[in-house]
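This structure is in structure tokens; I'll ask about it shortly.
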Amino acid sequence: MGLFNSLIVCFLITFSIFHSSQAQDSPQDYLNAHNEARRQIGVGSMTWDNKLEAFAQNYANKRIGDCRMQHSSGPYGENLAVGYPQLHAAGAVKMWVNENQWYNYNTNTCAPEKVCGHYTQVVWQNSVRLGCARVRCNNGSYFIICNYDPPGNWRGKRPYGDLEEQQLAFDSKLELPSDV
Ligand SMILES: *[C@@H]1O[C@H](CO)[C@@H](O)[C@H](O)[C@H]1NC(C)=O
């Protein structure tokens with residue numbers, strides 16, 4: 001094989017490695033992982049939002065230097081994940097969704113000493129817009145951030161099918177005729 005052919009092969013391999021790693025972290029990859037978790041409990045899908053993606057990318061870039069799991073304190077809901085030696089969209093969302101084992105819907109609480117707020121944000125019914133980003137930090141770990149709009153995890157509210165909200169809606173319907 002001549003030099004020219006070798007260069008082409010080299011380019012193709014580089015391109016396909018780049019391409020396949022991109023393919024694991026596309027908007028659709030983040031969306032699929034979120035929407036599958038939502039579908040399983042009957043919650044509607046999220047859609048991708050370029051403004052949220054830009055916000056997430058901007059903040060992720062700021063964490064390249066230290067890779068700390070520190071929140072942006074922006075106006076959106078936010079889930080973070082750090083992984084080494086590799087972390088992709090599906091893996092990050094899977095970590096968050098796996099917290100569902102610690103979430104008790106009836107009491108609307110996490111098990112003692114456990115975290116389940118990433119999961120409740122993933123399935124938060126009103127959080128219908130999603131934007132995520134991923135960077136490789138200077139220490140080699142990967143940092144993934146997803147932002148949600150409107151933000152979820154409101155104290156005293158359930159992520160979906162809140163019984164209290166349904167009750168209120170029902171009551172106000174009943175009151176309508178007596179006002180007439
Ligand atoms: C990189 O830094 C973050 C934040 O301190 C840490 O969580 C992570 O384990 C580090 N990664 C490596 C490969 O040392």
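For the residue pair Asn108 and Lys51, what label-to-label distance in nm results when each label sits 7 Å from Cα along the Cα-to-beta-carbon direction?
Each label point is offset 7 Å from its Cα along the Cβ direction, giving 2.8 nm.
By per-residue mean of other Cβ atoms within 10 Å, what is the highest-first order of 25-31, 150-156? Kindly include the intermediate steps, with their values, before the conclusion.
Working: 25-31: 17.6, 150-156: 13.3.
Top to bottom by mean Cβ count within 10 Å: 25-31, 150-156.
Amide H neighbours of Arg129 under 5 Å, counting only residues 5+ apart in sequence or on other chains, H built in-plane at 1.01 Å?
Result for Arg129 returns Thr47, Asp149.
Here's a follow-up. Pull out the extension gain between Arg39 and Asn139, defined as 0.36 nm times the separation in residues minus the alpha carbon to alpha carbon distance; nm, one decimal.
Using 0.36 nm per residue and subtracting the Cα-Cα distance, I get 32.4 nm.
Under a point spin-label approximation (7 Å from Cα along Cα-to-Cβ), what is the Asn32-Arg155 distance to one decimal in nm?
Distance between the two pseudo-spin positions: 3.9 nm.
In addition: Quick one: if you stick a label point 7 Å off each Cα along the C-beta vector at Met69 and Gln86, how many nm between them?
2.2 nm
State the percent of C-alpha pairs, over all pairs in the stretch 46-158, separated by a distance greater than 25 angstrom. Intermediate results must be reported in sequence, preceding the final value.
Details: 1274 of 6328 pairs.
Beyond 25 Å sits 20 percent of the P(r) for the stretch 46-158.
For the stretch 46-158, what relative contact order do you get, as a whole percent, if you take Cα pairs closer than 8 Å and at least 6 residues apart?
Once normalised by length, the contact order is 43 percent.
Since every read-out is calculated from the coordinates, none of them should be taken as a lab result. Everything quoted here is computed from the prediction, not taken from an experiment. Every residue, glycine as well, gets a Cβ built from its backbone with ideal geometry; the counts of neighbours run over all protein chains shown.
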